[in-house]
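Readers should treat all values here as calculations from the given coordinates under stated rules, not as data from a laboratory. Owing to the predicted nature of the structure, the values given are computational and were not obtained by experimental measurement. Please note: Cβ atoms are built from the backbone with ideal geometry, for glycine as well, and neighbour counts cover all protein chains shown.
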Amino acid sequence: MTSELKKDFTLRISQANHSGLILILFDMEKVYVEDALNAYDKEDRAEYLKNINQAKKVHNELMSAINPEDEKGKTYLNILRYIYTKLIDSAVKRTPCELDRCRNMMDNLRTGFEKLHEIDDEGPVMQNAHQVYAGLTYGKGTLNESLEGADYSKRGFLA
């Protein structure tokens, strides 16, 4: 994952609600799996394992966000557990084990969560984060982002 993608995910996380965070986890896992497949094609086994392990960590977070008591939640968890076993197999065997198929399954699951996100009118999870507006000012060849109403006196811990 590039540093630019990390910054993008960080920005999205700071502005997202609960259903938005789940979509971000789907996107992060997809990036790690694609990076792992690219590393495997380049025969870079260390990078391949690093990305598979990162995908497993993100996948664990995704599974912990699903409610196991709900009927649909149980179905989603079964699918996510299957994908997790394939990630483990891919790490142990040092070859992609049905990762393309798993990526397609994740895309299908993400589509369902997109529908949920469309009807979710909850506010951002991070209450004390600044609202970021992109596109207000432009630099030479770059897009500058502006923090609106930055009141730093209400941030951090008071001792």
Report task. Estimate the FRET efficiency between Ser64 and Ser14 by the formula 1/(1 + (r/R0)^6), using the beta-carbon distance for r and 35 Å for R0, to the nearest 0.05. Result -> 0.95
Requested in this report: Take peptides 80-93, 57-70 and line them up by average Cβ neighbours within 10 Å, highest first, as a rough protection proxy.
Outcome: 80-93, 57-70
Query raised in the report: Any idea what the dipole of segment 3-119 comes to, in debye rounded to 20, about its Cα centre with Lys/Arg Cβ at +1 and Asp/Glu Cβ at -1?
Result: 280 debye
Query - Anchor Lys42: lysines whose Cα lies under 27 Å away (excluding residues fewer than 8 positions away in-chain) - result: Lys6, Lys7, Lys30, Lys50, Lys56, Lys57, Lys86, Lys93
**Report entry** Relative packing of peptides 32-41, 97-106 - highest average C-beta neighbours within 10 Å first
**Finding:** 32-41, 97-106
Report summary line: Checked segment 3-119 with the C-alpha gyration tensor, a ≥ b ≥ c its square-rooted eigenvalues, rounded below a/c of 1.5, otherwise prolate if a/b is larger than b/c and oblate if not; verdict oblate
Report task. Calculate the dipole size of segment 67-124 relative to its Cα centre from +1 charges on Lys and Arg beta carbons and -1 charges on Asp and Glu beta carbons; express the result in debye to the nearest 20. Result -> 580 debye
Query raised in the report: Residue farthest toward the positive end of the dipole of segment 3-119, with Cβ of Lys/Arg at +1 and Asp/Glu at -1: which of Ser64, Met106, Leu21?
Result: Ser64
